[in-house]
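The values are calculated or read from the model by the stated rules, or taken from the named source; none is laboratory data. Being a predicted model, the structure only gives us computed values, none of them experimental. All Cβ positions, glycine included, derive from the backbone under ideal geometry; neighbour counts span all protein chains shown.
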Amino acid sequence: MKRIIRKMREKRGDGYIDVAVFVLVMVLVLATITKVVPAFILKNQLNQFASEALRQAQIKGEIDIDCSEISKNLGITPEEVIWEADTFSEKKIQLDGDILVIAKVNYDIGLFGDFGSFSIPLVGKASGKSEVYWK
């Protein structure tokens, strides 16, 4: 850092290019960080969504619950929610039956609009066991 400040104070022209390149690199690093950090936040929200949906399914003993309230509370709407469980009826799960919830969303990472833009799939998972005994 001291080297950069020393280069900025010099009156000769050879340090000018070094400083310009340094500033350009720093701007690109900051732009990348501002696009990548929200992906980590979204991944955390997906995991939270899957955990809350799983908890509701554990308490009810059924899969395919209505996730709209969870989506509204967390401010995230997954593109796809996949339920995997050993059901004995259409949606019912017996006591200690395994439940797996997978929430998926695609997040677009791109620094320059459509140019250089690409989508990455983010997945949130949660698993647990049913807490309801069906007669």
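Quick grid of which residues meet (1) within 30 Å of Leu28 (Cβ to Cβ); (2) in a strand (DSSP E or B); (3) in contact with a helix residue (DSSP H, G or I) (Cβ under 7 Å, 6 or more places away or on another chain); (4) without any contact (Cβ under 8 Å) to a residue 60 or more places away in the chain:
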position: Glu69; (1), (2), (3), (4): no, no, no, yes
position: Val101; (1), (2), (3), (4): no, yes, yes, yes
position: Tyr107; (1), (2), (3), (4): yes, yes, yes, no
position: Leu122; (1), (2), (3), (4): yes, yes, yes, no
* Pick from the range 22-67 the residues that are of a type in the set (Asp, Glu) and not in a loop (DSSP other than H, G, I, E, B): which of them is farthest from the chain's Cα centre (by Cα)? -> Glu62
* Structure fact -> Considering residues that are assigned to a strand (DSSP E or B), closer than 14 Å to Lys60 by Cα and at pLDDT 90 or above, the number found within the range 84-99 is 5
* To do: From the list Val105, Val37, pick out the single residue that is surrounded by fewer than 13 Cβ atoms within 10 Å (Cβ to Cβ) and of a type in the set (Val, Ile, Thr).
  => Val37
* Asked: Is there a residue being touching a Gly at 6+ places or on another chain (Cβ under 8 Å), modelled with pLDDT under 90 and surrounded by fewer than 16 Cβ atoms within 10 Å (Cβ to Cβ) anywhere in the range 58-78?
  -> no
* To do: Please specify each residue of the range 109-119 satisfying the condition of being in a strand (DSSP E or B) and under 22 Å from Lys43 (Cα atoms).
  => Ile109, Phe118, Ser119
* Does Gln45 satisfy being of a type outside the set (Gly, Ala, Ser) and touching a residue at least 40 places away in the same chain (Cβ under 8 Å)? -> yes
* Structure fact -> By residue number, the members of the range 121-135 that are modelled with pLDDT of 90 or more and either exposed (fewer than 12 other Cβ atoms within 10 Å of the Cβ) or of a type in the set (D, E, K, R) (or both) are Pro121, Lys125, Lys129, Glu131, Tyr133
